[in-house]
Amino acid sequence: MSHQTHRENPAQSPLFAHPTQCDSGRIVSADSANWAGDFAGELNASGNVSDNVKASRRGFLASAIIGGMCGAGGLLPGGVSDAGAAGAGETRLSISHNNDLFRVRMQMEVKGNVTLVEDPLLPDGKKKLLPVTADLNLDYEERFLRPAGATPESEVVAVERHIHDAVEKSRLSRTAQTTELRGTVTDVIARREQLPETIYSNDEYLTHKEIDLLRTPISSVAIDRLVPQQMMRPGEKVAITKNDLASFFNLSGVASSDVEIELVSADSSQAKLQMRGKIEGSVSGVPTRLQIVGKLTLDRRAGAVAWAAVAIHETREIGKAEPGFDITATVRMVRKPLAKVQTLPAKPAEIVFDEPPPTDRLLVAVASRHVGLEGLMDRRWRMMQDVPGDAVLRMIENDQAIAQLNLRPLPRLPEGQQWTLAAFENDVRKTLGKRFGELIESHEGMTDGGLRLLRVVAGGRVKGVPIQWIMMHISDNERRRVLATWTMDGDSVPRLAGSDIQLAASLRLLDGVNQTAQNDSKAMKTGENTDLSVVDSLDEVESVASTADVVSPSDVKRR
């Protein structure tokens with residue numbers, strides 16, 4: 001690591017706490033009683049963060065993060081403990097590269113505002129600002145995984161985790177919500193070749209909410225990389241590299257930064273450091289701005305950071321798949337090297353490091369209670385709207401919309417009746433109207449789940465732009481029916497990557513669908529579709545699914 005250094009008078013830092021140990025090796029933090037208030041105040045003083053402009057991090061952070069407790073204490077504020085005055089001379093800081101197994105607990109408290117569009121299908125539409133609060137807790141055991149021939153100093157690009165606890169309690173305006181990790185997906189793998197981390201389970205498929213819950217705003221894997229491994233004096237500062245900041249804050253990239261880390265004090269057992277500065281970066285193609293103030297305690301005997309507290313003020317614009325926000329998150333983390341595994345399997349997970357994460361494990365479980373179905377899809381698909389009678393998903397990659405999927409429940413046909421493939425083909429032609437160009441493909445068969453499938457692929461043009469539609473009529477022996485319509489421009493067809501086939505193969509139709517008067521429209525009763533799509537421009541996939549009498553809506557629009 002290359003560093004730029006300069007020296008100044010030691011900063012006084014009463015907010016440092018020291019990790020201690022309690023029963024069964026569980027870690028607690030001996031924190032100052034007014035830690036949260038003082039720490040948030042320090043961020044406000046250094047960064048002019050107004051009290052009424054605070055909120056949660058990425059994903060709300062799309063969700064995730066952290067805490068652990070030992071009895072009733074855990075990471076909650078406790079007694080004050082300081083390690084004594086800093087030495088006046090230089091000291092060499094270093095970390096141990098032999099620590100590959102840790103117990104980690106984090107806790108995050110969030111306040112702020114999120115910015116949403118009133119209609120999620122119209123990203124340029126009217127926006128609204130809503131207050132949000134969240135408390136997120138995560139407790140896990142993790143083991144670093146290294147490829148054959150890797151040196152201990154090599155960057156860790158794969159981690160195996162057993163999750164003991166993962167809970168988020170949040171409130172958006174007046175709506176409260178609790179998100180917890182299912183007990184069937186407590187063992188996960190995190191790949192870090194590209195950031196944010198790619199998290200998956202070999203046991204069961206995660207949902208988007210679970211992925212967001214497990215994707216932490218600061219990384220326990222990368223925290224040791226923040227420690228300058230060199231001679232330092234109290235008050236001396238070192239610039240943190242962009243790569244290390246991206247890795248620690250789980251960012252896709254860092255464009256610019258002035259973040260520095262400073263040695264505050266050191267003795268034979270520990271060293272205290274603090275960092276502060278601003279970061280201009282991005283997350284999955286969406287620009288983001290972070291202002292951070294952080295405190296670290298390096299356990300010099302263990303050669304690892306044992307305690308950290310980081311206040312993050314983050315501002316991000318609205319993305320295609322996530323809201324915008326202006327938030328302040330306070331994150332506390334305690335970690336302890338372990339001599340042997342406690343809950344992880346004795347044998348490390350096998351990772352093929354010269355290949356990307358396995359595609360068959362990167363599907364997500366999606367469900368719509370209003371349409372009455374569940375299945376597996378590519379992670380790029382995000383649910384944009386799920387309301388009675390209609391669900392809309394979009395394929396988003398690097399904040400670009402690739403395709404759209406509309407799902408609608410259909411009324412049950414009379415006993416003994418079924419749609420024929422010929423009738424469905426004719427219906428597609430009527431739906432597309434003047435946009436219809438050619439019938440590319442049609443198929444009738446059974447899905448892997450035993451559902452009857454009618455599938456039609458049609459091509460056409462919208463204002464001169466080649467468009468392709470994939471329409472599926474899916475039904476079961478209980479006469480439940482669903483209509484699925486994929487829409488994409490011609491250039492995006494290869495990027496669909498068989499998402500339609502994947503959903504059809506894994507689809508299950510459910511009882512208890514919440515239907516509305518939309519389902520009683522003439523078009524729904526007769527099976528006829530009304531062409532009501534309107535194209536204003538030609539840029540992203542949009543929907544007119546809110547129109548009551550449209551059964552197979554969709555078009556490509558550009559801003």
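Using the Cβ-Cβ distance between residue 180 and residue 461 with R0 set to 45 Å, the FRET efficiency from 1/(1 + (r/R0)^6) comes to roughly 0.40.
If I take every Cα pair under 8 Å that is 6 or more residues apart in segment 97-220, average their sequence separation and divide by the length, what percent do I get for the relative contact order?
In percent, rounded to a whole number, it is 20.
Look at the alpha carbon pairs under 8 Å that are at least 6 residues apart: their mean separation over the length of segment 294-383 gives a relative contact order of 17 percent. Take 450-461, 238-249, 413-424 and order them by the average number of nearby Cβ atoms within 10 Å per residue, most first; the result is 238-249, 450-461, 413-424.
Label positions at residue 510 and residue 440, each projected 7 Å from the Cα along the C-beta direction, are separated by 3.1 nm. Only Cα pairs under 8 Å and 6+ residues apart enter the sum, and on that basis the relative contact order of segment 353-482 stands at 15 percent. Among the listed pairs 430/463; 127/295; 127/209, those whose Cα-Cα separation exceeds 28 Å are 127/295. Placing a label point 7 Å from the Cα of residue 400 along the Cα-to-Cβ direction, the residues of segment 465-480 whose backbone N falls under 18 Å of that point are 465-468.
If you plug the beta carbon distance of residue 153 and residue 278 into 1/(1 + (r/R0)^6) with R0 = 25 Å, you get a FRET efficiency near 0.30.
Calculated FRET efficiency, residue 243 and residue 171, Cβ-Cβ r, R0 25 Å, to nearest 0.05? So, using R0 = 25 Å, E works out to roughly 0.10. Between residue 418 and residue 204, the contour length at 0.36 nm per residue exceeds the alpha carbon distance by 73.6 nm.
Within the shell defined by Cβ-Cβ distances under 11 Å, the residues around residue 379 carry a net charge of +1, with Lys and Arg each +1 and Asp and Glu each -1.
A simple spin-label model places the labels of residue 429 and residue 193 4.8 nm from each other, with each point 7 Å out along Cα-to-Cβ.
If you take every residue apart from residue 308 with its C-beta less than 10 Å away from the C-beta of residue 308, what net charge results, scoring Lys and Arg +1 and Asp and Glu -1?
Working: positive: 295, 332, 335; negative: none.
Neighbour charge sum, excluding residue 308 itself: +3.
Each label point was placed 7 Å from the Cα along the Cα-to-Cβ direction; for residue 501 and residue 476 their separation is 2.4 nm.
Taking 0.36 nm per residue of sequence separation and subtracting the Cα-Cα distance, how much length would be gained by fully extending the chain between residue 387 and residue 350, in nm to one decimal? Let's see the in-between values first.
Numbers: separation 37, 0.36 × 37 = 13.32 nm, distance 4.16 nm.
Residue separation times 0.36 nm, minus the Cα-Cα distance, leaves 9.2 nm.
Bear in mind that the values in this text are calculations on the coordinates, not laboratory data. Treat the numbers as computed from the prediction; the structure is a model and nothing was measured. Virtual Cβ from ideal backbone geometry, glycine too; neighbours counted across all protein chains shown.
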